[in-house]
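Heads up, the thing below is written out as structure tokens.
The values are calculated or read from the model by the stated rules, or taken from the named source; none is laboratory data. Please read all numbers here as calculations on a predicted model, not as lab measurements. As a convention, Cβ positions derive from the backbone with ideal geometry for all residues, glycine included, and neighbour counts pool all protein chains shown. Ligands, DNA and RNA are stripped out before the accessible areas are found, and what is left, the full protein with its side chains, is counted by its heavy atoms. Shrake-Rupley method; radii C 1.70, N 1.55, O 1.52, S 1.80 Å.
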Amino acid sequence: MTEVADVTSETVETEAGTARVTWHPAHKPRLVLAASHGAGGGIEARDLKALAAVLPAHGVTVALVEQPWRVAGKKVAPAPKTLDAGWRGVWPALAEPGLPVISGGRSAGARVACRTAAELGARAVLALSFPLHPPGKPEKSRATELLGAGVPTLVVQGGNDPFGKPEEFPDGDHELVEVPYGDHGLSVPKRADITQDQALAVVTDAVVEWTGSLG
């Protein structure tokens, strides 16, 4: 285990290979937010980094999870069932602190969190940039994954996400927060009347408030 300041990293063996968890601990933790990346990037995603920087001060330990395919240096994510297997394999390490665990992720990671939340006993789901459908193919909806999470769910979605704009989402038990002008990576154009920092503040403020309601 390596340590930089109070951030630690550990590897975890799963059926899908070796995963890696980077812990950003809260000093007085009451929850753990476990969040994984999408199919096209890693835990350096802007929203994941922002949450790891902000949430520990609010009693939420953040565990950023790198799926085995990413740790192995591969560029293409495997099939959903393999992603689910990797997440299941990491879960005991995420639950080890003995705190309620919010299952989270961005894009493909959000789908994994929704698919496995009930069976793993997640306290809630945080779905960042949930890919409701492939770009330009709204008929290929993945809404059943989101609606089937079975636990309190917060969706944080860019207003211009080609994988599903906020108004495309079906009604359900989930809450939805829109990041104005945001694309799938929650990046906002320079011409927008909101800065990138302000866009990320929409994300972190919403998650801080939501986690405060979870206990």
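See the values below:
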item	result
Whole-percent carbon and sulfur share, accessible surface of segment 1-102, 1.4 Å	56
Virtual spin-label span in nm between residue 201 and residue 30, 7 Å along Cα→Cβ	2.4
Exposure of residue 58 as accessible area (Å², to 10), given a probe of 1.4 Å and all protein chains	80
Residue-averaged 222 nm ellipticity for the chain, from DSSP H runs of 4+ at -39500 (n - 2.57), nearest 500	-9000 deg cm²/dmol
Average accessible surface area per residue within the chain, 1.4 Å rolling probe, Å²	45
Antiparallel bridges, percent of DSSP beta bridges restricted to the chain (to nearest 5)	40
Candidate lysines - alpha carbon under 27 Å from residue 165, same-chain residues fewer than 8 apart omitted	49, 75, 81, 137, 140, 190
Principal axes of segment 64-169: Cα extent on each, largest first, Å	40, 33, 20
Accessible-area order (highest first, 1.4 angstrom probe) of the listed residues 193, 6	193, 6
Surrounding net charge for residue 95, when Lys and Arg each add one and Asp and Glu each subtract one, Cβ distance under 12 Å	+1
³J(HN,Hα) computed for each position of segment 86-103 - Karplus, 6.51 cos²θ - 1.76 cosθ + 1.60, integer Hz, glycine/proline x	x, 5, 4, x, 7, 3, x, 5, 5, 7, 4, x, x, 10, x, 10, 8, 8
Probe 1.4 Å - accessible area at residue 144, Å² to nearest ten	110
Probe 1.4 Å - accessible area at residue 74, Å² to nearest ten	130
Cα-Cα pairs of segment 9-84 separated by more than 15 Å (percent)	55
Convex hull per residue volume in Å³, alpha carbons only, for segment 142-199	84
Neighbourhood net charge (12 Å Cβ-Cβ; Lys/Arg +1, Asp/Glu -1) for residue 106	0
Exposure ranking of 130, 163 by accessible area [1.4 Å probe, largest first]	163, 130
Whole-number Å³ per residue for the convex hull built on Cα positions in the chain	120
